[in-house]
Amino acid sequence: MTIKIKILIHTTIAKRDRSGNCYTFSTVTNVRTGKFIRINDGWGSDGRNVESQVRKLLEMDYQNIRSTEEIVGIRDFNRYVKHYEQNGMIHSHDLTAAMLKKLNRKDKAVK
């Protein structure tokens, strides 16, 4: 039996600042359609929050989700977030199942 990966979650983590805080955002991609949504998880997270939200909202098993992580400097992280927020990044507390289910549709926009 083979396990079919349905969702890819790539989490970008900023190196800890002088106070020990870390910041993250994740890109959730549907493997079949190629559609993605970027989610800002804020500070104090290691990216697992988004993974557990996706799993819960889509009622999906961990075996169908592949996660990767990348650690970048705080300046690079801030530059990415600034660009992505201008292009539709959402915050994790605004994430809904309907947003994630739109990733399955080839003809519909995510937002």
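The values are calculated or read from the model by the stated rules, or taken from the named source; none is laboratory data. Fair warning: this is a prediction, and the values are worked out from it, not measured in the lab. Every residue, glycine as well, gets a Cβ built from its backbone with ideal geometry; the counts of neighbours run over all protein chains shown.
Assorted remarks:
- First in the range 14-30 and closer than 16 Å to Arg75 by Cα and among the polar types (S, T, N, Q), second anywhere and modelled with pLDDT under 90 and part of a loop (DSSP other than H, G, I, E, B), Cβ under 7 Å, 6 or more apart: Asn21/Gly44; Thr24/Ser45; Thr24/Asp46; Thr24/Gly47
- Against the conditions (1) within 26 Å of Lys6 (Cβ to Cβ); (2) in a helix (DSSP H, G or I), Val28 satisfies every one except (2).
- Restricting attention to the range 49-65 and to residues that are touching a strand residue (DSSP E or B) at 6+ places or on another chain (Cβ under 7 Å) and buried (at least 16 other Cβ atoms within 10 Å of the Cβ), the residue that is modelled with the highest pLDDT turns out to be Ile65.
- Matching residues, the range 66-93, being among the charged types (D, E, K, R) and at pLDDT 85 or above: Arg66, Glu69, Glu70, Arg75, Asp76, Arg79, Lys82
- The sole residue among Asp41, Asp76, Asp17 that is surrounded by 11 or more Cβ atoms within 10 Å (Cβ to Cβ) and assigned to a loop (DSSP other than H, G, I, E, B) is Asp17.
- For the range 54-91, a residue qualifies if it is in contact (Cβ under 8 Å) with a residue 40 or more places away in the chain and in contact with an Asp or Glu (Cβ under 9 Å, 6 or more places away or on another chain), and the qualifying residues are Ile65, Ser67, Glu69, Ile74, His91.
- Scan of the range 59-103 for residues that are at positive phi and over 15 Å from the mean Cα position of the chain (by Cα), ordered by number: Glu59
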